[in-house]
Amino acid sequence: MIRPATPADTPAIHALIRELADYEKALEEVRVTEEQLHEALFGPHPATYAHVATDSADTVVGYAIWFLNFSTWRGVHGIHLEDLYVRPTARGTGHGKALLTELARICVDRGYQRLEWSVLNWNTPAIDFYKSLGAHPQDEWTVYRLTDKALLKAAGTA
């Protein structure tokens, strides 16, 4: 049901990324191409990784894209889960939990001490799911982001 992604999974993961963005009401923000995704996941020096969830016909129905982070306080790496998505038709069958379980297992096996991710405040189904697994929100932290014109301005190039 859960396995590391392969290059052949790139089109399916790309399609699921677009589905997730549509669900999050931000499809117009998706710029990644299949080629970029393939390079990020399977190029000569990947720093991003993916696992997929498949159904009984080996069709990809979900994915998790993640990368390593580092805790200066703990002195070890952790995993930042960038995306976790399971198609609505495959939800409730354990795919999402199995993807998170696999990432938790990787953390434990490699001595990583954190598995972290962000969730939109309005995404109550996801929040409830994460809480059911024992995850705790980090309410005292606020994520900040520079993109597009603001990023160029901060870099002194705008």
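Do we find a residue being surrounded by 15 or more Cβ atoms within 10 Å (Cβ to Cβ) and either aromatic (Phe, Trp, Tyr) or in contact (Cβ under 8 Å) with a residue 12 or more places away in the chain (or both) anywhere in the stretch 138-149? Taking every residue of the stretch 138-149 in turn, none turns out to be surrounded by 15 or more Cβ atoms within 10 Å (Cβ to Cβ) and either aromatic (Phe, Trp, Tyr) or in contact (Cβ under 8 Å) with a residue 12 or more places away in the chain (or both). When the residues of the stretch 60-76 are filtered to those that are closer than 22 Å to Glu19 by Cα and of a type in the set (A, V, I, L, M, F, W, C), the one that is surrounded by the most Cβ atoms within 10 Å (Cβ to Cβ) is Ala64.
Within the stretch 70-107, the residues that satisfy the criterion of being under 24 Å from His14 (Cβ atoms) and part of a strand (DSSP E or B) are Ile79, His80, Leu81, Glu82, Asp83, Leu84, Tyr85, Val86. Of the residues making up the stretch 19-34, those that are part of a helix (DSSP H, G or I) and open to solvent by 50 Å² or more (accessible area, probe 1.4 Å) number 7.
If I filter the stretch 77-115 down to residues being among the β-branched types (Val, Ile, Thr) and open to solvent by less than 40 Å² (accessible area, probe 1.4 Å), which single residue comes out as nearest to Ala64 (Cα to Cα)? Going through the qualifying residues, I end up with Val86.
When every residue of the stretch 116-127 is checked against the conditions, at least one turns out to be polar (S, T, N, Q), open to solvent by less than 30 Å² (accessible area, probe 1.4 Å) and not in a strand (DSSP E or B).
Within the stretch 102-120, not a single residue is out of contact with any Lys or Arg (no Cβ under 6 Å at 6 or more places or on another chain), free of Cβ contacts under 8 Å to residues at least 24 places away in the same chain and polar (S, T, N, Q). Pairing each residue of the stretch 1-18 that is buried (at least 17 other Cβ atoms within 10 Å of the Cβ) with any residue that is of a type in the set (S, T, N, Q) and assigned to a helix (DSSP H, G or I), provided the two are 6+ apart or on different chains, yields C-beta distances under 9 Å for Ile2/Thr101.
Yes/no per residue for (1) in contact with a Lys or Arg (Cβ under 9 Å, 6 or more places away or on another chain); (2) in a helix (DSSP H, G or I):
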| site | (1), (2) |
| --- | --- |
| Arg3 | no, no |
| Thr10 | no, yes |
| Ile17 | no, yes |
| Gln36 | no, yes |
| Ala40 | no, yes |
| Ala53 | yes, no |
| Ile65 | no, no |
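The values are calculated or read from the model by the stated rules, or taken from the named source; none is laboratory data. Keep in mind the model is a prediction, meaning the values are calculated, not measured. All Cβ positions, glycine included, derive from the backbone under ideal geometry; neighbour counts span all protein chains shown. Surface areas here come from the heavy atoms of the whole protein model, side chains and all, with no ligands, DNA or RNA. Shrake-Rupley method; radii C 1.70, N 1.55, O 1.52, S 1.80 Å.
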